[in-house]
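What follows is a short report on a single structure.
The values are calculated or read from the model by the stated rules, or taken from the named source; none is laboratory data. Just so it is clear, the structure is predicted and the values come from calculations on it, not from any experiment. With ideal geometry, Cβ positions are generated from the backbone for all residues, glycine too; neighbour counts draw on all protein chains shown. Areas reflect the complete protein model, heavy atoms only, side chains present, ligands, DNA and RNA absent. Shrake-Rupley method; radii C 1.70, N 1.55, O 1.52, S 1.80 Å.
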Amino acid sequence: SHWGSLLRRGDGGATGGDEYERRYSGAFPPQLRARLRDAARGMFVFGYDSYMRHAFPRDELDPLHCRGRGPDHDPSNLNINDVLGNYSLTLIDALDTLAVMGNSSEFQKAVKLVIDTVSFDKDSTVQVFEATIRVLGSLLSAHIIITDTKQPFGDMTIKDYDNELLHMAHDLAVRLLPAFENTKTGIPYPRVNLKKGVPPDSNNETCTAGAGSLLVEFGILSRLLGDSTFEWVARRAVKALWNLRSNNTGLLGNVVNIQTGHWVGKQSGLGAGSDSFYEYLLKSYILFGEKEDLDMFNDAYRNIQNHLRRGREACNEGEGDPPLYVNVNMFTGQLMNTWIDSLQAFFPGLQVLIGDVEDAICLHAFYYAIWKRYGALPERYNWQLQAPDVPFYPLRPELVESTYLLYQATKNPFYLHVGMDILQSLEKYTKAKCGYATLHHVVEKTKEDRMESFFLSETCKYLYLLFDEENPLHKSGNKYMFTTEGHVVSVDERFRNSLWQDILPGEEDSAEKIKPNELKAVNFSSNCNRVPDERRYLLPLKSNYMRQIDRMVGLI
């Protein structure tokens, strides 16, 4: 009843037309937006406070039993051990969310707790990718926020701060470096023990995203320290993967042998195993200005459009099915299966960053239709059977992230309605006694006793920012960027000083630099990024298209 009343008060007085126009068109009242911003903040606070009360200093919160969890004693339980390193993961991952929400006192308290209590000298075997994006990235983000002379989020300075978070990031990265040793291709081992190095029985197979999505965090660390080592090993891994792409299609697979360079997994898609590889090609260019990163991204994007995209050319009109990105064989481009996974919902947000807004609008509508049907995104959804293949939902942020970025690009209130739907679903189906819980089954709405750290670092953050029009991030002249874990980093001159050419002979000529004021999004569509004022309250998609999408997922 609470959400129903909010929706009725927020319908902008729209009357007439069909059900989509009645529900989604019209202005979004500032009072409603403020309530939703506060609700998103309250969601974060409940999850964060519950973690601190019941789980800290352990890595994660079990929200059903109100207790903490750390690494599993069973080394085969990779779902837990890849992420949990016995280093207060959730606290670290949430640091910059506290700052973005303007909570300076709790941010300062949390930073001091991390400095005083967290050590990486642990006998923990973790996934290099997860430790990098969740822990290393958050430490760097918080360090950048603390040392920012402008302090846009309020006073986030720490008394007598002596770069401790940067030193901790350096310590962690040094412990991850053994993963890059004794590999014939330069592609890192997937896991490393923080005290002992690469385990003797380590797997020689790794996924493309896991090995090729380290460049943003490692590059920032190198440029802050003036030490090229970290960026060099991460960049070497990206180039090694890139050079293994198919000569026929230009596509990459999703699992590779790090010693032989043989593709073990030949699936090419936009979801698990591949997603952030493409994301970081573009974001590395945005942050560091290295033209070769943009060149790789442009080639990859064209190949994705040529081989993964199915459906009609113009998404909002014409004959045929609405567009969809599918999983194909990297060598032939032939369809491999009929499912998409929830991680693919990040892709519309990436399309926004390159200016392909129209395609982003249409693809986002597909994932939103699935959300409307279940109140969550199943981990895998079979678009042919119109049913979940893997029915759990671990509070992932990707749809929220794309919703936020599409709103920033278009300012269309449709996306505020989408955000309200998502917020309502999370409150209704995932709220637990002590936080928010993974949905074990999106149809039955049964819960699992786990709240992953990205719920606080990403899901809550993007929801909050969607409704917080006055946030300093939105007044910064677009000088901030989000990492793949949603951590905020500034885009500024100090990250443009390249250090890695000195140990990559022959690379100097190819590493053309782009200055910050010359950064332009490569535009693959004729659409501009912002809807003109006179069109702002029109739906971003035609109603008949939205009905077609709803039919595709069995909603109607």
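With the structure loaded, tell me whether SER498 is out of contact with any Ser or Thr (no Cβ under 8 Å at 6 or more places or on another chain), at pLDDT below 85 and of a type in the set (Ser, Thr, Tyr) or whether it fails that test.
Numbers: out of contact with any Ser or Thr (no Cβ under 8 Å at 6 or more places or on another chain): yes; at pLDDT below 85: yes; of a type in the set (Ser, Thr, Tyr): yes.
For SER498, the condition - out of contact with any Ser or Thr (no Cβ under 8 Å at 6 or more places or on another chain), at pLDDT below 85 and of a type in the set (Ser, Thr, Tyr) - is met.
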Checklist outcome for this item: With the first residue restricted to segment 108-127 and required to be open to solvent by 50 Å² or more (accessible area, probe 1.4 Å), and the second required to be at pLDDT 95 or above and among the basic types (Lys, Arg), Cβ contacts under 6 Å at 6 or more apart or on different chains are ASP123/LYS195; THR125/ARG191
Item to check | All positions within segment 142-170 that are under 20 Å from LEU89 (Cα atoms) and surrounded by 16 or more Cβ atoms within 10 Å (Cβ to Cβ) | outcome: ALA142, HIS143, ILE144, ILE145, ILE146, GLU164, LEU165, LEU166, MET168, ALA169, HIS170
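Among the candidates ALA179, ALA234, ALA169, which residue alone is without any contact (Cβ under 8 Å) to a residue 24 or more places away in the chain and part of a helix (DSSP H, G or I)? Give the steps one after another, and end with the answer.
Numbers: ALA179 fails: without any contact (Cβ under 8 Å) to a residue 24 or more places away in the chain; ALA169 fails: without any contact (Cβ under 8 Å) to a residue 24 or more places away in the chain.
Only one candidate qualifies: ALA234.
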Checklist outcome for this item: Out of (1) open to solvent by less than 10 Å² (accessible area, probe 1.4 Å); (2) closer than 22 Å to PHE346 by Cα, the one ILE258 does not meet is (2)
Checklist outcome for this item: The residue that is farthest from THR260 (Cα to Cα), considering only those in segment 188-211 that are of a type in the set (Val, Ile, Thr) and within 22 Å of the chain's Cα centre (by Cα), is THR208
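Are there any strands (runs of 3 or more DSSP E) wholly within segment 377-486 with 2 or more residues that are within 27 Å of ASP356 (Cβ to Cβ), and if so which?
Working: elements: 380-382, 387-390, 438-441, 446-448, 480-482.
Result: 380-382, 480-482.
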Checklist entry - From the set of residues in segment 74-98 that are of a type in the set (S, T, N, Q) and without any contact (Cβ under 8 Å) to a residue 60 or more places away in the chain, which is most open to solvent (accessible area, probe 1.4 Å)? => result ASN79
Checklist entry - Of the conditions (1) surrounded by 15 or more Cβ atoms within 10 Å (Cβ to Cβ); (2) of a type in the set (D, E, K, R); (3) modelled with pLDDT of 50 or more, ARG22 fails just one. Which one is it? => result (1)
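Matching residues to (1) out of contact with any helix residue (DSSP H, G or I) (no Cβ under 9 Å at 6 or more places or on another chain); (2) buried (at least 22 other Cβ atoms within 10 Å of the Cβ); (3) modelled with pLDDT of 95 or more:
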site: ARG302; (1), (2), (3): yes, no, yes
site: ARG310; (1), (2), (3): yes, no, no
site: ALA314; (1), (2), (3): no, no, no
site: GLN334; (1), (2), (3): yes, no, yes
site: THR338; (1), (2), (3): yes, no, yes
Next on the checklist: Looking only at segment 212-232, filter to residues that are buried (at least 24 other Cβ atoms within 10 Å of the Cβ) and of a type in the set (Val, Ile, Thr); which one of those is farthest from the chain's Cα centre (by Cα)?
Outcome noted: ILE220
Next on the checklist: Restricting to segment 363-390, give me the number of residues that are surrounded by fewer than 16 Cβ atoms within 10 Å (Cβ to Cβ) and among the β-branched types (Val, Ile, Thr).
Outcome noted: 1
Checklist outcome for this item: Out of (1) open to solvent by 10 Å² or more (accessible area, probe 1.4 Å); (2) closer than 30 Å to PRO200 by Cα, the one ARG53 does not meet is (2)
